[in-house]
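Working notes for the structure below.
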Amino acid sequence: MIRVEDSFIILETKDLSYIIDILPSGKLEHVYLGPKTKSKLSDLKIKLDTMVGSQVLYSDLEPISLDLLPLEYSSIGKGDYRSMPLEVKMPNGSFVADFCYLKHEIKDGSLDYKLPHAKNATNTIIVTLVDKVNNVYLDLIYSSFYETNVFTRKVVLTNKNENSLSIRKIMSMMLDIYDKDYDIITFDGGWIKETNKHKRPVSYGLFSISSQTGASSNRHNAGFILSKKNTTEDYGTAIGFNLVYSGNHYSSIELANHGSIRVMSGINPHCFEWDLAENENFMTPEVVISYSNQGLNKLSHNMHNFINNHIIPENFKESLRPIVINNWESHMFDYNMRKLLKLAKRSAKLGIEMFVLDDGWFGNRDNDDRGLGDYFVNKKKLPKGLSKLSKRINKYNMDFGLWFEPEMINVDSNLYRSNSNYVVQVPGLEPSKGRNQLVLDLCNKEVVSYIKNELFKVIDSANIKYIKWDMNRSISDMYSESISNQGMFFHKYILGLYDILESITKKYPNILLETCSSGGNRFDLGMLTFGPQIWASDNTDPISRLKIQRGLSYLYPLSTISAHVSQSPHSQTLRHTPLETRFNVASFGVLGYELDFKELKPYELKMIKEQIRFYKEHRRLFQFGTFYRFDLDDIETYQVSNSNTHILGRFQVLSSPSPNIEKVSFKGIKEDKMYDVLSRRSKLNIDRFGHLIKHAIKIPFKHDGFVMRNVARYYVLENAKEKYTLDSNALLNGFYINQQFMGTYYNEKTRLLGDYGSELYIAKEIRNGKN
Ligand code: GLA
């Protein structure tokens, strides 16, 4: 809800208020962001009545220093010396800009906006500021999303001057806070180690996270959090920010004079320059802001509900996602129809619902140094084409999905031979390669329409229900002949990408689009407006995934996190992990499998069949339930909940000798209810225990002999099964579980976890004696 009372603009959600004051000078003071307030608004304002030292006062009529004021948006040259959201060479040639309030307008819903944005806002206010000297307008656009406790912000700059202006920096939002003891939480990493959480105190100077690879990148996710010291998962204050954008981003936090904290976020000004002629405008991407005074979990709940309801495409709202088998880790480039169908048949028997054909199906693509750009079927691998393959897959009662990497090209391709001018390169300079490939020039409309048409042809040629959209290198040699100012390159590239994605999703609204960029190199809200899920990382090792998925979970819901079970030892970490742990981690996300079933032992196939059955039974909970993190401990713990079922995942990274007695507790449990709590009966591979197996099964065979090796193919050890009847208080306060293996005795009640072991507990409310 948004309303204006006297000089105050008041934005509200179910639990939050955001308050702005329009000052007599026309500057906008940021008054408040926090839990809903009924205070007298003027009493919430900053109290400033003396001049300090070398300060510059705004004007004789309003003798205030902009350097001290918490502002909604600032500009250069009128006495505010903190970092600036806007750097524009104005039509008069000066960098000085003086934007003041002109008018406002409140509208229902979200605005029609050319960039990806959140839909179905409760309402929106456009506050128009003007620099009268230059006749340039700045719209500050705020939306409120009542139910999900989110505000969004963005700005539009319009030049009404006959002379052009040049933008060098234009942030989507700025927020000034006066408060102490904040930490900054960011989510950083690289390939196969994305979104690891890092925290450091806000301290004097300017701290920034950014990307300049051409994508939102795996180096720093665009989302970040400011949290008060000692904020935990369930207590304390946190403000979360994220950007609906897939290109170079920049966010900064500055602690300046008098304890002012200035937060900004938007397009990275790196290599950015955008000219506006008369009557042209520039729109920034949208920033998402939420606030919690109940810890980080509550902040995540706001963000999760918001993304599930306002960011992902309407058609996939709450729609259950299929369990996929992706053939990449099974075959890489080496396959034919027979191999694919074998994998498909085995997958179907296990209950898998979608067969995804990954890289290598087109052109001359037998390796990663050729074929990109040529989206015609490789007849050696698939002589009867995609249509035949998809039909055969459908016969197994599975849907068919296909991989593309449409933004890229190999020099060894027909497309390059015929249209080398489609490539991003500086005239006269040899372009640098990444993963043996070059980048297609998405700034160029001809290239954009070529890609669209090629994709349409392939999609129309078979029964395709899912697309994996990949992008496997960073951008270099940025230059496009189609633009006059190369400062527009990075943003124009993203606009070209959004144009293609929009055409695809409009023409095929029911195709499930999963985006990917060497894993999570473009995990952002912009991509999520087109495809509701993202391949979180090429790293499927469950222990690495705990960090990656935990990091993502702060700002992204489980329904967006694509997570597959793959083979052990893991191809990137060389770690051996139990199959059940690989599943338990992947189940806190959109589950899939990426391994060759023919290499598995019969008991492993049985386990997978049971895993899939279990996931299907609880799929809605795993994909759309309320997700809780527990504060980090020896055992990493997650929970998903709906109104009457709660699943707790407990992950032991390393076992401790003679471990502590353990109690477990659940979060968010309704009062005065009774529950059945069951541990999911997991299976243990007996060859994991080597010679120790003689203590568990009393058969006198050599543990590495022929008989035992064969027994190990079929026989598995059942882990302890636990069942408790408990009330809400016991669930909330904690209850004892069976002892973990303590170093000596073992019986059927002993929980055997070991290194990388994990377990799931399911609590179901008992209603009328049943659950
Ligand atoms: C990237 C993706 C992988 C796979 C390969 C195929 O690395 O992240 O999942 O699709 O490309 O080349």
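Worth pointing out:
- Oblate is the label for the range 451-563, because the ratio a/c of its alpha-carbon gyration tensor axes (a ≥ b ≥ c) is 1.5 or higher and a/b is not greater than b/c.
- Summing Cβ point charges (Lys, Arg +1; Asp, Glu -1) relative to the Cα centre of the range 1-153 gives a dipole of roughly 280 debye.
- Converting the Cα gyration tensor eigenvalues of the range 509-575 into ellipsoid dimensions via √(5λ) gives semi-axes, longest first, of 22, 13, 9 Å.
- Interatomic Cα distance distribution for the chain, bins of 20 angstrom, percent: 16, 45, 31, 8, 0
- Summing Lys and Arg as +1 and Asp and Glu as -1 over all other residues whose Cβ lies under 13 Å from the Cβ of residue 134 gives a net charge of -1.
- Here the range 46-151 carries DSSP beta bridges of which approximately 100% are antiparallel, counting only pairs with both residues inside.
- Estimated FRET transfer efficiency when R0 is 60 angstrom, pair residue 634-residue 37 (beta carbons, to 0.05): 0.90
- Between the range 221-276 and the range 580-614, the alpha-carbon center distance in angstrom: 39
- Neighbourhood net charge (12 Å Cβ-Cβ; Lys/Arg +1, Asp/Glu -1) for residue 676: +2
- Shape category assigned to the range 208-291 from the gyration tensor of Cα positions, a/c cut at 1.5: prolate
- The range 359-471, Cα convex hull volume normalised per residue, Å³: 100
- Residue pairs, from the table 547/598; 465/764; 14/667, whose Cα atoms sit over 26 Å apart: 547/598; 465/764
- The range 399-501: antiparallel DSSP beta bridges as a percent of all, rounded to 5: 45
- Kirkwood Rh, Cα atoms: Rg over Rh of the range 633-730: 1.09
- Shape call, the range 1-113: gyration tensor on alpha carbons, a/c limit 1.5: oblate
- Diffusion constant of the range 538-664 at 4 °C, which comes from Stokes-Einstein with the Kirkwood Cα-pair radius and 1.567 mPa s, µm²/s: 85
- Projected area, mean over directions - the range 416-469, Cα convex hull, nm²: 5.0
- Accessible area per residue, Å², the range 579-699 with all protein chains present, probe 1.4 Å: 42
- Taking 0.36 nm per residue of sequence separation and removing the Cα-Cα distance, the residue 681/residue 660 pair yields an extension gain of 5.4 nm.
- Remark: the range 540-600 is approximated by an ellipsoid whose semi-axes, taken from the C-alpha gyration tensor as √(5λ), come to 21, 12, 8 Å, largest first.
- The angle between the Cα long axis of helix 542-553 and the longest principal axis of the Cα atoms of the chain comes to about 30 degrees, rounded to the nearest 10.
- Protein accessible area in the chain, 1.4 Å probe - carbon and sulfur %: 49
- Once the Cα-Cα distance is subtracted from the 0.36 nm per residue extended length, the residue 391 to residue 200 segment shows a gain of 63.4 nm.
- The residues of the range 95-142 have, on average, 45 Å² of accessible surface per residue, using a 1.4 Å probe with all protein chains present.
- The smallest convex shape that holds all Cα atoms of the range 299-426, its convex hull, gives 171 Å³ per residue.
- Only protein heavy atoms count here; on that basis, with a 1.4 Å probe, residue 681 has an accessible area of about 90 Å².
- Kirkwood hydrodynamic radius of the range 108-184, Cα pairs, Å: 14.7
- Across the options 96, 618, 418, the greatest Cα extent toward the positive end of the charge dipole of the chain (unit charges at beta carbon of Lys, Arg, Asp, Glu) belongs to 618.
- Extents of the range 163-220, largest first, come to 47, 35, 16 Å (Cα atoms, principal axes, whole angstrom).
- Entry for the range 139-291 at q = 0.12, 0.16 Å⁻¹: log10 I(q)/I(0) = -0.56, -0.95, Debye formula applied to identical alpha-carbon scatterers, no solvent contribution.
- Here the 3J(HN,Hα) profile of the range 605-618, calculated from phi with Karplus coefficients 6.51, -1.76 and 1.60 at θ = phi - 60°, is 5, 4, 5, 5, 4, 5, 4, 5, 4, 5, 4, 4, 4, 10 Hz, Gly and Pro shown as x.
- Against the chain, whose longest principal axis comes from its Cα atoms, helix 445-460 is set at around 30 degrees.
- Remark: the chain carries a charge dipole of roughly 3900 debye about the Cα centre, counting +1 on each Lys and Arg Cβ and -1 on each Asp and Glu Cβ.
- Here the Karplus relation 6.51 cos²θ - 1.76 cosθ + 1.60, evaluated at θ = phi - 60°, turns the backbone of the range 234-246 into coupling constants of 10, 10, x, 9, 8, 10, x, 10, 8, 10, 8, 7, 10 Hz, with x for every Gly and Pro.
- The chain: angle of helix 385-395 to the longest principal axis, Cα-based, in degrees nearest 10: 60
- Local charge for residue 271 was computed over the other residues whose Cβ lies under 15 Å away, with Lys and Arg +1 and Asp and Glu -1, and equals -1.
- Surface per residue (accessible, 1.4 Å probe) for the range 313-367, Å²: 37
- Couplings 3J(HN,Hα) of the range 419-433, computed from phi: 9, 5, 6, 7, 8, 6, 6, 8, x, x, 10, 5, x, 7, 9 Hz, in residue order, whole Hz [Karplus 6.51 cos²θ - 1.76 cosθ + 1.60, θ = phi - 60°; x for Gly and Pro].
- Comparing 289, 299, 355 along the charge dipole axis of the range 269-366, the residue lying farthest to the positive side is 355, per the Cβ-charge model.
- On the basis of the beta-carbon distance and an R0 of 60 Å, residue 338 and residue 59 show a calculated FRET efficiency of 0.15.
- Overall Cα dimensions of the range 56-192, principal axis frame, Å, largest first: 47, 38, 37
The values are calculated or read from the model by the stated rules, or taken from the named source; none is laboratory data. For clarity, every value in this text was computed on a predicted model and none was experimentally measured. Cβ sites come from the backbone with ideal geometry, for glycine too, and all protein chains shown count toward neighbours. Note: areas computed on protein heavy atoms with side chains; ligands, DNA, RNA excluded. Shrake-Rupley method; radii C 1.70, N 1.55, O 1.52, S 1.80 Å.
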